[in-house]
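Here the structure comes first, spelled out in structure tokens, and everything after it is commentary.
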């Protein structure tokens with residue numbers, strides 16, 4: 001069961017990161033993307049007050065599973081684990097943390113910009129349809 005959960009968390013968490021980075025691109029996923037980005041920022045900062053900056057429940061659960069599988073020397077963040085696993089390198093934790101925060105800020109800005117633009121277009125269409133009645 002733990003082997004399955006390890007693979008599940010690897011796929012789920014990696015997919016979540018990809019969604020955070022690129023979910024703002026497609027109209028149908030933009031609102032969900034903004035919500036997930038805000039939830040991530042909340043987890044990293046507000047929950048981070050109690051659990052340490054950058055806290056992620058998915059990482060915490062995944063590390064618990066990996067401990068059951070005998071992995072005890074896990075990095076503090078999933079992003080470092082992912083980059084190290086995919087590249088075979090031991091990338092600096094500071095570099096990875098800076099990269100993660102920077103990308104979250106950039107994707108948040110892109111998501112807010114594109115969502116506000118969509119909301120303005122929708123409001124304009126609604127106003128125009130009311131005027132044409």
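Taken over region 82-115, residues that are closer than 24 Å to residue 11 by Cβ and loosely packed, with under 14 Cβ neighbours inside 10 Å amount to 6.
Of the residues in region 18-28, at least one is loosely packed, with under 15 Cβ neighbours inside 10 Å and closer than 30 Å to residue 3 by Cβ. Could you look through region 30-54, keep only residues that are surrounded by 15 or more Cβ atoms within 10 Å (Cβ to Cβ) and more than 12 Å from the chain's Cα centre (by Cα), and pick out the one that is nearest to residue 101 (Cα to Cα)? Here the answer is 48.
Read the figures in this text as sums done on the coordinates, not as results from a lab. Just so we're clear, the structure is a prediction, and the values are computed from it rather than from any experiment. All Cβ positions, glycine included, derive from the backbone under ideal geometry; neighbour counts span all protein chains shown.
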